[in-house]
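Structure record follows, encoded as structure tokens.
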Amino acid sequence: MFGPGPSGGNQRLIVVSNRVSVPRAGASAGGLAVALEAALQSSGGIWFGWSGETRTAIDADSLHTQQVGPVTFATTDLTRRDVEDYYLGYSNRALWPVCHYRLDLSRFNERETQAYFRVNDLFARKLAGLVGPSDLVWVHDYHLIPLGAALRDRGLTNRIGFFLHIPWPPPEVVSALPGYRRLLQGLAAYDVVGFQTERDVEHFVRCLEEEGLGTSEDDGTVVVGDRRIEVASFPIGIDTEGVAEMADKSVGLSSTRRMLASLEGKRLLIGVDRLDYSKGLRERIRSYVAYLAAHPEEKGRVSYLQITPKSRSEVPEYAELEREVATQVGEANGACGDFDWTPIRYLTQNVPHATLMGLYRMADVGLVTPLRDGMNLVAKEFVASQDPQDPGVLILSRYAGAAFELEGGALIVNPYDAVGTAEAIDRALRMSRGERRERWETMMDVLRTHTVNAWWQNFLAALSPAEDERSAPSSSGGAFGATA
Ligand code: F6P
């Protein structure tokens, strides 16, 4: 059904993620979706996950499939109850807040914990029959931590890798999760476990060692029972050249031209984030208000555009945040604005990617101040979008994974410190063109090397079996050589 695979010898790639980006006419895929599709195109394969649809009952073996070139998109529906317990529940009210160091916002519930492991078993059951003996399986993100172990329970001996897109905290924090030990055992069932930063790697290795599940070796591997797994950081990147080109062209779009005209010469600060408590929106608005209080002469001469598409609104903590941020924006505009000046322009709609790149390019300052973030690709896209002759300044939280790579060029701030962040805004707006260019070049050197293609190629190079372990001859074997 899927070409060479289940019984044949070709080494294909099987990507698994909670959401699957099935190509749709007229819809533009995000950077990660484009990159994973590129990975799949190079060897042929399957992208498997949840369809995003719910049904009252699910047949344990049914799948929706769509063939696009050498790639099969295979998705399953879930019951409403499973979505509530597995996705909205354990994934987004336990794992997400705990992994973002927000024990105060986490909600634990035994039924949801059980559902999380049960849905992963269901995914494993549906996926196992599609996987051929030489296929590489690459599982993505926090929704699917136990999937590798569930596939092993079904007899799969393939190389299976896992990449966590969000932070992994130290044991003092993450051990609060219900099912903690089972999660660690799940992660230890993979051959390669990838994280965004070295900090996350350190935390995870400590978790394994303190639970007596593994011992780290000097070569970066961890011995788990009679197996050896690789645990490493693979910082995710962007299509740096593609973004730069898009930003250059986007300046001509009518939307970006309208924005430029409306600024009437004001300096532009921009923030773009999903509406999520990890993004530090309330703290950022407070910092901007602190900046205006410290520099009243700048009132009417700056404009802060915050684009914040709504997200996970069915989770109560997100619905509450939506109300709080809207109120805070209203209060700030009411207190600081004037008849002819609105200090904060606030959008909760999705803005096309090309328009965003154009907005980044015209901005003087990019405000990327999450309280915790696995990586943060907005920071990277903001930098890549800049005009090389006259780049803007990135203000970046020390708690974003991106700070590990961009600290040489960004102004690094503590997002909880409104006065310190306000000072960084002032410094950014006064920075000389020479210093801005120097800082921008430093960041671009990193971004030109750590591209999204280098990211997946490096991960798959780690996941691919060593030459002497390849059992079957493969026409596409070795397609995943590292390039950076
Ligand atoms: O950062 C983690 C992540 O799952 C991203 O991969 C994704 O873009 C984002 O969160 C959106 O989350 P959701 O699928 O819950 O809307």
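The values are calculated or read from the model by the stated rules, or taken from the named source; none is laboratory data. None of these values were measured; they are calculated from a predicted model. Cβ placement follows ideal geometry from the backbone for every residue including glycine, while neighbour counts extend to all protein chains displayed. Calculation scope for accessible area: heavy atoms of the full protein, side chains included, ligands and nucleic acids excluded. Shrake-Rupley method; radii C 1.70, N 1.55, O 1.52, S 1.80 Å.
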Practice prompt. Taking A232 as the residue in question, decide whether it is among the hydrophobic types (A, V, I, L, M, F, W, C), closer than 20 Å to N453 by Cα and surrounded by fewer than 17 Cβ atoms within 10 Å (Cβ to Cβ).
Written response: yes
Worksheet entry | Members of segment 239-260 that are open to solvent by 70 Å² or more (accessible area, probe 1.4 Å), in a helix (DSSP H, G or I) and either basic (K, R) or more than 14 Å from T355 (Cβ to Cβ) (or both) | E241, E245, K249, R257, R258
Discussion item. Looking only at segment 264-293, filter to residues that are among the hydrophobic types (A, V, I, L, M, F, W, C) and under 16 Å from the mean Cα position of the chain (by Cα); which one of those is farthest from the ligand (Cβ to nearest atom)?
Written reply: V272
Worksheet item: Tally time: how many residues in segment 127-144 are within 13 Å of the ligand (Cβ to nearest atom) and in a loop (DSSP other than H, G, I, E, B)?
Response: 1
Item to complete: State which residue is farthest from Y101 (Cα to Cα) when the search covers only segment 155-189 and only residues that are within 16 Å of the ligand (Cβ to nearest atom), assigned to a loop (DSSP other than H, G, I, E, B) and open to solvent by less than 20 Å² (accessible area, probe 1.4 Å).
Response: L164
Worksheet entry | Y318 hydroxyl-bearing (S, T, Y), within 15 Å of the ligand (Cβ to nearest atom) and open to solvent by less than 50 Å² (accessible area, probe 1.4 Å) | yes
Practice prompt. Assess whether V446 counts as being closer than 30 Å to G252 by Cβ, in a helix (DSSP H, G or I) and either open to solvent by 20 Å² or more (accessible area, probe 1.4 Å) or within 16 Å of the ligand (Cβ to nearest atom) (or both).
Written response: yes
Worksheet, complete the sentence: Condition set touching a Pro at 6+ places or on another chain (Cβ under 8 Å) and away from the ligand (no atom under 15 Å from the Cβ), scope segment 8-28, selection modelled with the lowest pLDDT: answer is G9
Discussion item. Suppose we filter S278, S313 for residues that are modelled with pLDDT under 95, of a type outside the set (A, V, I, L, M) and not in a strand (DSSP E or B); which single one remains?
Written reply: S313
Worksheet entry | All positions within segment 319-364 that are within 24 Å of the chain's Cα centre (by Cα) and part of a strand (DSSP E or B) | Y346, L347
Worksheet item: What number of residues in segment 41-89 are more than 14 Å from P23 (Cα to Cα) and either of a type in the set (K, R) or in contact with an Asp or Glu (Cβ under 7 Å, 6 or more places away or on another chain) (or both)?
Response: 10
Worksheet entry | Meets criteria (more than 25 Å from R372 (Cβ to Cβ), in contact with a helix residue (DSSP H, G or I) (Cβ under 6 Å, 6 or more places away or on another chain) and surrounded by 22 or more Cβ atoms within 10 Å (Cβ to Cβ)) for T72 | no
Worksheet item: Quick one: is L144 under 17 Å from the mean Cα position of the chain (by Cα) and either open to solvent by 20 Å² or more (accessible area, probe 1.4 Å) or over 20 Å from G52 (Cα atoms) (or both)?
Response: no
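Residue by residue, here is whether (1) out of contact with any Phe, Trp or Tyr (no Cβ under 8 Å at 6 or more places or on another chain); (2) without any contact (Cβ under 8 Å) to a residue 40 or more places away in the chain holds:
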{"position": "V378", "(1), (2)": "yes, no"}
{"position": "A384", "(1), (2)": "yes, no"}
{"position": "P391", "(1), (2)": "no, no"}
{"position": "I395", "(1), (2)": "yes, yes"}
{"position": "G401", "(1), (2)": "yes, no"}
{"position": "A418", "(1), (2)": "yes, no"}
{"position": "R427", "(1), (2)": "yes, yes"}
{"position": "S432", "(1), (2)": "yes, yes"}
{"position": "W440", "(1), (2)": "yes, no"}
Practice prompt. Return yes when F123 is at pLDDT 95 or above and either within 16 Å of the ligand (Cβ to nearest atom) or buried (at least 24 other Cβ atoms within 10 Å of the Cβ) (or both) and no when it is not.
Written response: yes
